[in-house]
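I have placed the structure first, in the form of structure tokens, so that the comments after it can refer back to it.
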Amino acid sequence: MDPSKSPVVETRDIEKVYVMGDVEVRALRGVSLSIGAGEFVAVMGASGSGKSTFMNLVGCLDRPTRGSYLLSGRDVGKLSRDQLAKVRGQQIGFVFQGFNLLPRTSALENVELPMLYQGVGSKERHARATEALARVGLGDRGHHTPAQLSGGQQQRVAIARALVNRPKLLLADEPTGNLDSRTSVEVMGIFQELNEAGLTVLLVTHEADIALHARRVVTFKDGVLLSDEQVPRRRLAVDELRAS
Amino acid sequence: MNLLASLRTALRALRKNKLRSLLAMLGIVIAVGAVVATVAIGQGAQAKVAAQMESLGTNLLMVLPGSIAMHGVATGSGATQNLTRDDATAIERDLSATVAAVAPINRTGGQIVYGDQNWFTQVQGTTAAYLAVRGWPLAEGEAFGREEDAAAAKVCLLGKTVVDKLFVPGAPVIGEQIRVKHVPCKVIGVLASKGQTSWGQDQDDVIIMPWSTVVRRLIGTQSDAVGQMMISARGPSLVDEAEREITALLRQRHHLADAAEPDFQIRNLAEMQEAAKQSTQTIAALLASVALISLIVGGIGIANVMLVSVTERTREIGIRMAVGGRGRDILFQFLTEAVVLASVGGVIGLTIGIGVSKWMALKFDWPTLLSPPVMLGTMLLAGFAGVVAGFYPALRASRLDPIEALRFE
């Protein structure tokens, strides 16, 4: 199969079982989902629904107990820890709820971090990090540390960091959880912009109005997929910002 | 991640926690400083002892008259008069393969007078060989030879201390007449200063005169008995052989039966020198081992701080893993930090150690000898301590689960 035609994410009956002492917790009980290139999918569900576990598997931070997971046609379910790290570095960009920037480290250095592990030379690192920061509208804040930036700005730095290795998939785990509503819309605007440019985005959220910025919403409940539907009337961040 | 990038990452991480980094490396600083300073002091002392021993003369044997027992009462050593000038001559003549020079010595004390100055000092009657045996050069003038000895000439060589006591500084000494006891004497040479012996005796407080002058004129006896002989062997390896040969020759000359106790004693100063050297070496080794233990303690300090640091930076580790850092990248990062800590501590310790030894040399006139191989070895050891100390914490960091690490508060 031609990798460019295959879906970016394809899970087949994946299961995840955590063993805590004597108790087995079945966090995912067989989920099959396919996300094509250029899609913008929101994952919803209450806490304990399995959406975070699903996110960790898709992000190659963890391996499924059963079932298979193909990332751009490649089975990554059986890879070693180091191989998974390589896949994360090259193909996946993460945006977290708590921003997860390195404290007391400049925005520029934070954005350079993923390239450090891919052996990118220091000149190119600097150039690409500057470019990525400009792309999220922070071209002039490269030397600020996270403490000197607002929450929205920190999340933009995190997005720049996620983009800098040109990933196939952007994973955002509750990216607006720590932001006020206007900043949340701004961040969603950046995602929509990136998605328009062709990036596949997978967004985990429990806020329905945030999920409506995606093109497709899937809902988890008790470790299985409850629903999978296209968003009928999609919210566009540009319009919302203009209206307010 | 390449070496340069990890070095920069490590330095940045350590700079962010200056006080803690400083405390972490303190153990290594003290350890390296202690090693460098104590070894410098130990080696300095060793060199000083060796130099003092050298000042006695090299490859030296001393022959003393022995004790004899008369009617069951033993005399002390040196009480007999059975060592003679002829013995000395025979040794010099017959054993020239192993013996370089033989100096017979008779001592007496005497008041010496020059102008309105006077001083009591030791007068040594000996031959020209004495200066060769003791490796004692003249500062000015010249030594006496065989003719002066044969003629019991009234000439003398003055030690530095004697010159200082009798003469005004700068005044001419050579050719002046001084009086030794009742004998007028011409100064023909001044000895170079030898300083103190290792037991604090002033070696320069002495007058040297021809043997016959002292024995015949000052002591006033016709006896040929010699107080002691100082003999130098031709080389360090020949000292023991010379000792054996001298023993055999003297036994034969003194007509001793095979089973009889010798009526003389031979002291091997080379052995004494060796013993003194070994005792200072033992002290140096002791100092070094104490310092090595402190290096281990310093390493434990680093390990401790690195463990705390790994726990505190769990989230950072999670972030690094999420953006593509492999286990070995994380391992290498923390290992680099530990080694940088140890190395920086090592450099600071080295500086302090050098400073302390120079200061001690200056302030207490304590000889110190900085040894480059020891300094280099200590630095390498400090770096190695960093690797050992950092390895376990770094391994723990590299094995963290990225999901757990990211959730860590």
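Listed values, structure above:
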quantity: Burial ordering of A:S47, B:S294, fewest other beta-carbon atoms within 10 Å first; calculated: A:S47, B:S294
quantity: Amide H partners (placed H, <5 Å) of A:G223, local residues excluded; calculated: A:G50
quantity: Relative contact order of the range B:81-262, defined on C-alpha pairs under 8 angstrom at six or more residues apart (%); calculated: 32 percent
quantity: For A:79-90, mean number of other protein chain Cβ atoms within 10 Å; calculated: 4
quantity: Helix-only mean residue ellipticity at 222 nm for chain A, each DSSP H run of n ≥ 4 adding -39500 (n - 2.57), per residue, nearest 500; calculated: -10000 deg cm²/dmol
quantity: Residue mean of other protein chain beta carbons inside 10 Å, A:56-64; calculated: 2
quantity: Shielding by other protein chains, A:111-123, mean Cβ within 10 Å; calculated: 4
quantity: The protein assembly as shown - share of DSSP beta bridges that are antiparallel (%, nearest 5); calculated: 70 percent
quantity: Proxy reagent accessibility, fewest Cβ within 10 Å first, across A:V87, A:V95; calculated: A:V87, A:V95
quantity: The range A:153-200 and the range B:356-378: distance between their alpha carbon centers, rounded to Å; calculated: 62 Å
quantity: Loop GluC sites (Glu not before Pro), the range B:126-155, which have at most 14 other Cβ atoms in a 10 Å radius of their Cβ (DSSP); calculated: B:E142
quantity: Ordering of B:298-310, A:143-155 by burial proxy (mean other Cβ atoms within 10 Å per residue, highest first); calculated: B:298-310, A:143-155
quantity: Within a Gaussian network of chain B (alpha carbon springs, distance under 10 Å), most fluctuating of B:A284, B:A13, B:A153; calculated: B:A13
quantity: GNM flexibility winner over chain A from A:E193, A:E39, A:E174 (Cα, springs under 10 Å); calculated: A:E193
quantity: Local electrostatic count, A:R216, Cβ distance below 14 Å [Lys/Arg +1, Asp/Glu -1]; calculated: +1
quantity: Burial order of peptide ranges B:50-61, B:97-108, A:233-244 (average beta-carbon count within 10 Å, highest first); calculated: B:97-108, B:50-61, A:233-244
quantity: Helical segments meeting 30 Å axial Cα length and Kyte-Doolittle 1.0 threshold in chain B (DSSP H); calculated: B:18-56, B:269-312, B:327-363, B:372-398
quantity: Length-normalised contact order of chain A in % [C-alpha pairs under 8 Å, at least 6 apart]; calculated: 27 percent
quantity: Chain A: most fluctuating residue of A:D140, A:D62, A:D228 per GNM, C-alpha cutoff 10 Å; calculated: A:D140
quantity: Separation of alpha-carbon centers, the range B:114-136 and the range B:253-321, rounded to whole Å; calculated: 42 Å
quantity: Percent of beta bridges antiparallel (DSSP, the range B:81-262, rounded to nearest 5); calculated: 75 percent
quantity: Exposure proxy order (Cβ contacts within 10 Å, fewest to most) of B:R8, B:R320; calculated: B:R8, B:R320
quantity: Other-chain or far-sequence residues with amide H under 5 Å of B:V155's (modelled H); calculated: B:K186
quantity: Violating pairs (Cα-Cα greater than 27 angstrom) within the set B:K18/B:K358; B:K48/B:K181; A:K78/A:K168; A:K16/A:K168; B:K277/B:K363; B:K165/B:K194; calculated: B:K18/B:K358; B:K48/B:K181
quantity: Cα gyration tensor of the protein assembly as shown - equivalent ellipsoid semi-axes, whole Å, descending; calculated: 96, 26, 17
quantity: Formal net charge of residues neighbouring B:L158 (Cβ-Cβ distance under 12 Å; K, R +1; D, E -1); calculated: -2
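Here, each number is a calculation from the coordinates, and none is a lab measurement. Fair warning: this is a prediction, and the values are worked out from it, not measured in the lab. In this analysis, Cβ positions are derived from the backbone assuming ideal geometry, glycine residues included, and neighbour counts consider all displayed protein chains.
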